[in-house]
Amino acid sequence: AKADGRGTYRFFETGMDARAQARRLLEMDLRAALQRDEFEVHYQPIRDVASDRVVAFEALLRWNHPQRGLISPVNFIPLAEETGLIIQLGEFVLRGACADAATWPDDIDVAVNLSPVQFKSPNLIASVTAALAASGLSARRLELEITESVLLQNSEATLTTLHELRAMGVRISLDDFGTGYSSLSYLRSFPFDKIKIDRSFVSELATREDSMAIIRAVTSLGRSLGIVTTAEGVENDAQLELLRREGCTQAQGYLFSKPRPASGVALMLERPRLR
Ligand code: C2E
Ligand code: CA
Ligand code: CA
Ligand code: CA
């Protein structure tokens, strides 16, 4: 046996890999959490840079764990995707976000993240339709955020789904733009309404010439293609000023507010900055 911690020793003893065991526990925990209603949807404001008004909120999933407190989705979404639980979780977010947004002023939209697994599910259109119908939210107020990984395979089916969603009136954002496999040809081949410029470029805006150049290129591309550009992760005034100068359409980040529960939306609408 190895001189590792006791837990590791026991995993070796039972012939089970420690990581596999930890994953099984997390999976059981996730299933139980769904049943126990431990998930909630938080919201972060997205502001129009020119008018400085809130135009939308992004719905961000949280696991309110009885012992561990609020858990960020980065810690459980990968496993939820592998196990298929993301379908149920995704529907929970979609239904919750549409229901919440239906209580907001008419000119405030809601953005919901879609996992690639969810996007490829044959039930996607039906569950979006159901969430809109149940909430009474107009499709025009719903934005769906997808990442570039969705575009990598089966582009025929992807294109069909994107067109179906847009025919319903739903808008589509390309999330985390600039990370991963970004290709400018995506912008020509797929019908996007919005590009979200990844936080990594925004955080280096003031210190790295190349980040500045990329933001300049993307905002100008967005302008000429008629696509809205949103900068993620805006944390200070210097970044906001540079984005304004480049003509970036929207900004989102801790400078304005961190994500808060639905009960915080009224306050986030009232106050330009709430940290
Ligand atoms: P994302 O879609 O890129 O969401 C933005 C993330 O950046 C959020 O993290 C948000 O809290 C964080 N953020 C916002 N402003 C700032 C800032 O100024 N500075 C910094 N450092 N961070 C900022 P969060 O909520 O932990 O979510 C992480 C990721 O998990 C999301 O990245 C998204 O990919 C995924 N996710 C969240 N909710 C859902 C969901 O309902 N479904 C799916 N499929 N994925 C989700
Ligand atoms: Ca997002
Ligand atoms: Ca993003
Ligand atoms: Ca991101």
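The values are calculated or read from the model by the stated rules, or taken from the named source; none is laboratory data. Predicted model, so just to flag it, every value in this text is computed and none were measured. Please note: Cβ atoms are built from the backbone with ideal geometry, for glycine as well, and neighbour counts cover all protein chains shown.
Exactly one residue among THR207, THR161, THR219 is in contact (Cβ under 8 Å) with a residue 40 or more places away in the chain and away from ligand 3 (no atom under 14 Å from the Cβ), and that residue is THR161.
State yes or no: is ILE195 under 22 Å from SER51 (Cα atoms), within 16 Å of ligand 2 (Cβ to nearest atom), of a type in the set (A, V, I, L, M, F, W, C) and without any contact (Cβ under 8 Å) to a residue 40 or more places away in the chain? Yes, satisfied. Here GLU246 meets the list (1) charged (D, E, K, R); (2) within 19 Å of ILE146 (Cα to Cα); (3) touching a helix residue (DSSP H, G or I) at 6+ places or on another chain (Cβ under 9 Å); (4) away from ligand 4 (no atom under 15 Å from the Cβ) almost entirely, failing just condition (2).
Going by what's in this entry, would GLY136 be described as within 15 Å of ligand 2 (Cβ to nearest atom) and exposed (fewer than 14 other Cβ atoms within 10 Å of the Cβ)?
Working: within 15 Å of ligand 2 (Cβ to nearest atom): no; exposed (fewer than 14 other Cβ atoms within 10 Å of the Cβ): yes.
Here the answer is no, as GLY136 does not meet what is asked.
All conditions but one from (1) in a helix (DSSP H, G or I); (2) within 12 Å of ligand 1 (Cβ to nearest atom); (3) crowded, with 18+ Cβ neighbours inside 10 Å apply to SER200; the one that does not is (3).
So if I check each of LEU255, LEU205, LEU269, which one is assigned to a helix (DSSP H, G or I), surrounded by 14 or more Cβ atoms within 10 Å (Cβ to Cβ) and either over 18 Å from the mean Cα position of the chain (by Cα) or not aromatic (Phe, Trp, Tyr) (or both)?
Values: LEU255 fails: assigned to a helix (DSSP H, G or I); LEU205 fails: assigned to a helix (DSSP H, G or I).
When all the criteria are applied, what remains is LEU269.
Candidates are the residues of segment 66-89 that are closer than 15 Å to VAL41 by Cα and out of contact with any strand residue (DSSP E or B) (no Cβ under 8 Å at 6 or more places or on another chain); the one that is farthest from ligand 2 (Cβ to nearest atom) is GLY69. Got a sec? Which of GLU156, GLU241 is part of a helix (DSSP H, G or I), within 16 Å of ligand 1 (Cβ to nearest atom) and surrounded by fewer than 18 Cβ atoms within 10 Å (Cβ to Cβ)? The match here is GLU241. Could you check segment 139-153 and list, in sequence order, the residues that are surrounded by fewer than 20 Cβ atoms within 10 Å (Cβ to Cβ), free of Cβ contacts under 8 Å to residues at least 60 places away in the same chain and under 17 Å from the mean Cα position of the chain (by Cα)? Across segment 139-153, the qualifying residues are GLU148, SER149. PHE192 falls short on exactly one of the conditions (1) assigned to a helix (DSSP H, G or I); (2) surrounded by 18 or more Cβ atoms within 10 Å (Cβ to Cβ); (3) away from ligand 4 (no atom under 16 Å from the Cβ); (4) at pLDDT 90 or above, and that condition is (1). For segment 208-238, a residue qualifies if it is within 17 Å of ALA50 (Cα to Cα) and either of a type in the set (Lys, Arg) or assigned to a loop (DSSP other than H, G, I, E, B) (or both), and the qualifying residues are ARG216, ARG223, GLY226, ILE227, GLU232, VAL234, ASN236. Among the conditions (1) surrounded by 12 or more Cβ atoms within 10 Å (Cβ to Cβ); (2) modelled with pLDDT of 90 or more; (3) away from ligand 2 (no atom under 16 Å from the Cβ), the only one that LEU94 does not satisfy is (3).
In segment 167-181, which residue that is of a type in the set (Val, Ile, Thr) and more than 12 Å from ligand 4 (Cβ to nearest atom) is surrounded by the fewest Cβ atoms within 10 Å (Cβ to Cβ)? Going through the qualifying residues, I end up with ILE172. The set of residues in segment 257-275 that are at pLDDT 95 or above and either touching a helix residue (DSSP H, G or I) at 6+ places or on another chain (Cβ under 8 Å) or among the aliphatic types (A, V, I, L, M) (or both) comprises SER257, ARG260, ALA262, VAL265, ALA266, LEU267, MET268, LEU269.
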